[in-house]
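Data first, discussion second: the structure below is written as structure tokens.
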Amino acid sequence: MGNKLWEMVEKGKVVTVLLVVQAALAGVIVFYKLAVVEGMSMRVLIAYRFIFATACVTPLAFVFERESKAKLTRKVVFLGFLSGLFGGALGPNLFIVSLSLTSSTYATAMSNLVPIATFIFAVILRMERLGMKTLGGQGKLVGTFLSIGGAMILTFYKGKEIVVWSTNVDVIKHHSTTKHAAAGDHVLGSLLALGSCLAFAIWYIIQVKMSEIYPFTYSASAWFCITASFQATVYTIITESNWSAWKLGWNLRLLSVVYTGGIGTGLTVVVMSWCLRLRGPLFVSIFNPLTLVYVAIVGSLIFNEKLSIGSILGSVIMVIGVYIVVWGKAKEKKTPAQLAAPTEPEILDVVIQDPDRDCDSIKDQC
């Protein structure tokens, strides 16, 4: 009884931590939007984000893995470079531009396609088995099509606006800016959001390869932050001609940089690593769509963003598709365990006979 109670307490801790992590990641989207209002360059914000994340994760890698035999080989350095490119310089910059062209709720909803895109790339690269003849494989395929269909609905269909609540608060006057937004901007934002999903999906594939040859969580995370901050900074210096855009003061710019880098990137990596060790990647990934819920609530409360039938319907279908894929993965992972499980042993009658007894008497018994 005591062991079961302790297991429930430990599981409750992981659930609570993951709920907080998703809220923290939703806060990153909110600060992105607020930084736009402050007039901060999003490219500069991305560069500062990974610089601050590097400052947070690198000391943790030194403390927890200083005695490990982590060696930076050429392959590790190359994979780290690609990891920083797709997950640091390319993916976030595409996402942040799509965020400025659409809305925080919309851009976050599109990010739910990342696990689906990762699954497709993994199947193409033969890192994932499709398994059409199994229930798990069929679930993954159905979930993939549902998620893609939900993304199409969310992109091309709006429908009637739905007012769940109204606080009459609009800290960035979002309603007036989006009212005159061109339809072409929305389509462009959708394409950029899709490109961001593909970049992050490639990043996940690279991370899998990285973990195989460099199984040091903190050191690998630090190396990713270092390469991402370097590439994002170089990209921003080339594209941002106004050097005053790098200026930080005691204002919303500094708060956005500290939050998105220190909390939204650096510390969440450590916390999620702890959750992954305890419950595994499947359990942790189930909580990802909650970011959409948090952003939708905050967006409607302080940004006066309107929810529509198309956005709600598309988001629900996307989330259902993601959960079906996760369910298919669970069934697929369960099957080998079931096959390896020992079957019920047959009951055999074992007769121990005295070797001194006559062989003829033994035959008579049989």
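Which whole-Hz couplings ³J(HN,Hα) result when phi for each residue of the stretch 133-141 is put into the Karplus expression 6.51 cos²θ - 1.76 cosθ + 1.60, θ = phi - 60°, listed in order with x for Gly and Pro?
7, 9, 5, x, x, 5, x, 5, 5
List the trypsin sites (Lys or Arg not before Pro) in the stretch 87-163 that DSSP assigns to loop (not H, G, I, E or B) and whose Cβ has at most 10 other Cβ atoms within 10 Å. Which are they? Intermediate results must be reported in sequence, preceding the final value.
On the way: sites: ARG126, ARG129, LYS133, LYS140, LYS158, LYS160; in loops: ARG126, ARG129, LYS133, LYS158, LYS160.
Sites meeting the loop and neighbour criteria: ARG126, LYS133, LYS160.
Under 1.5 on a/c is rounded, so check that first for the stretch 18-65, then, if it is not, pick prolate when a/b is larger than b/c and oblate when it is not; a ≥ b ≥ c are the square roots of the alpha carbon gyration tensor eigenvalues. Intermediate results must be reported in sequence, preceding the final value.
Details: a/c = 4.76, a/b = 1.47, b/c = 3.23.
Judged from the Cα gyration tensor, the stretch 18-65 comes out oblate (a/c at least 1.5, b/c at or above a/b).
Classify the stretch 48-142 as rounded, prolate or oblate, taking a ≥ b ≥ c as the square roots of the eigenvalues of its Cα gyration tensor: rounded when a/c is under 1.5, otherwise prolate if a/b is larger than b/c and oblate if not. Don't skip to the answer; put the middle values down first.
Numbers: a/c = 2.42, a/b = 1.26, b/c = 1.92.
In terms of gyration-tensor shape, oblate.
May I ask you to compute the full-extension gain from LEU188 to LYS13, defined as 0.36 nm times their residue separation minus their alpha-carbon distance, rounded to one decimal in nm?
Details: separation 175, 0.36 × 175 = 63.00 nm, distance 4.11 nm.
Length gained, LEU188 through LYS13: 58.9 nm.
Name the residues whose placed amide hydrogens come within less than 5 Å of the amide hydrogen of SER308, ignoring near sequence neighbours (fewer than 5 apart) on the same chain.
Correct list: ILE162.
Sort the stretch 198-278 into rounded, prolate or oblate with this rule: let a ≥ b ≥ c be the square roots of the eigenvalues of the Cα gyration tensor; rounded if a/c is under 1.5, and if a/c is not under 1.5, prolate when a/b is larger than b/c, oblate otherwise. Working shown, then result.
On the way: a/c = 2.86, a/b = 1.61, b/c = 1.78.
Judged from the Cα gyration tensor, the stretch 198-278 comes out oblate (a/c at least 1.5, b/c at or above a/b).
Give me a comma-separated list of calculated 3J(HN,Hα) values for the stretch 64-77, in order, Karplus coefficients 6.51, -1.76, 1.60 applied at θ = phi - 60°, integers in Hz, x for any Gly or Pro.
8, 10, 5, 9, 7, 9, 7, 10, 8, 7, 4, 5, 5, 4
None of the figures in this text is laboratory data; all of them are computed from the coordinates on show. This is a predicted model, so every value here is computed, not measured. Cβ coordinates were reconstructed from backbone atoms using ideal geometry, including for glycine residues, and neighbour counts include every protein chain displayed.
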